[in-house]
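The values are calculated or read from the model by the stated rules, or taken from the named source; none is laboratory data. Model, not experiment: these values are computed from the prediction. All Cβ positions, even for glycine, are placed from backbone atoms using ideal geometry, and neighbour counts span all protein chains on display.
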Amino acid sequence: MKQIQILPPAILKKQYPLSKCAQDFLMQSQKKANAIAAAVDPSKVFFIGPCSIHDIDSAIAYAECFKKLCNTLSNRCFLVMRVHLQKPRTITGWKGLMYDPHLDGSNDIQTGLIWSRKLLTTLAEMHVPCAMEWLDPLSSCFLSDLITWGFIGARTSSSQVHRELASSFYFPVGFKNPTDGSLEDAIHGVLSAKEKHTFMSINQEGIACAFQSTGNPHTHLVLRGSHQGINYDSKSIKTALKKLAAVNLPQRIIIDCAHDNCEKQFQKQKNAFQSVLEQISTGGQEILGAMIESHLKEGNQILEPDKLEFGLSITDPCLNWETTAELISQANCVMC
């Protein structure tokens, strides 16, 4: 088995440090996120951004649009950019910027980590709060200080390793329901990550250590649909809330409007999002917010490195920026 040594987290962080202003921004963003997750802050959170980041320049261009949109919103509408740098795969395929930054199968993880850190640092300096789905637990040692909200995906909600990881974060973490539609694995993940755990990882110098987490009080459930159909409808949400209450968990959820909640038809994200807004406006305060997959341009494209169109997804198809801005404006009206 081939081995390639990578830089320890401390060195990478030294190469891409944060200004005091950016550090303060991240601290305030995490504080806001935790308050929303705890239902102390009545604001709602909306996550927008590409299915996965494959190009730093287009990600920054998206962030510039994001920042302008944020400036038009009330303080009760908290916008967070999806910056997913690892792509879960059912079998095989491109695994994300962190793993294969050159898009050619060379799997240059060292460069992927550098580019990921550089991008997230740039976004922090722009005052853009970021959300990430965590796949490789070790990646958190390099990047978690730059994140405002985290997610554990449908394929990993039952993983003990990922539950341990979530228990160590100082920001909210959502567990998505599995693709078969059951809620138990995700709910058990929410429960588990609230507790203290002892687990193995590396420290900032890259040395293997045993860590003891304090538990994460801000974990929650995410409904993303399933092979059986959507679960953003009021009946499905009520069922989920009852199951949370049955194990003495706070009745708080976020709706992922993509994936099976749009029935694999990206335009139907609009239907899901507008349904969520309607439910919030008619008293559905247990809904913390919603998530959509969007990019600068609509749809997606085949991964051909020499022929890529700027601002267009190479993984799941996305809504374009104009549609995204319109949906967020609708959300802002509901929250005003």
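Details
- Test: residue in the range 227-234 that is farther than 29 Å from Thr121 by Cα, crowded, with 16+ Cβ neighbours inside 10 Å and β-branched (Val, Ile, Thr): yes
- The residues of the range 278-311 that are of a type in the set (A, V, I, L, M) and either within 19 Å of the chain's Cα centre (by Cα) or part of a strand (DSSP E or B) (or both), listed by number, are Ile287, Leu288, Ala290, Met291, Ile292, Leu296.
- Of all residue pairs spaced 6 or more apart or on separate chains, those with beta-carbon atoms under 6 Å, a first member in the range 25-52 that is under 18 Å from Gln269 (Cα atoms) and of a type in the set (S, T, N, Q) and a second member that is surrounded by fewer than 23 Cβ atoms within 10 Å (Cβ to Cβ) and modelled with pLDDT of 95 or more are Ser52/Thr315.
- All positions within the range 313-324 that are more than 19 Å from the chain's Cα centre (by Cα) and touching a residue at least 24 places away in the same chain (Cβ under 8 Å): Thr323
- Counting only residues that are assigned to a loop (DSSP other than H, G, I, E, B), in contact with a strand residue (DSSP E or B) (Cβ under 7 Å, 6 or more places away or on another chain) and loosely packed, with under 15 Cβ neighbours inside 10 Å, the range 211-226 holds 0 of them.
- Candidates Ser329, Ser275, filtered to the one that is among the hydroxyl-bearing types (Ser, Thr, Tyr), assigned to a helix (DSSP H, G or I) and closer than 24 Å to Pro178 by Cβ: Ser275
- Of all residues in the range 163-206 being in contact with a strand residue (DSSP E or B) (Cβ under 8 Å, 6 or more places away or on another chain) and of a type in the set (Phe, Trp, Tyr), the one that is farthest from Leu12 (Cα to Cα): Phe175
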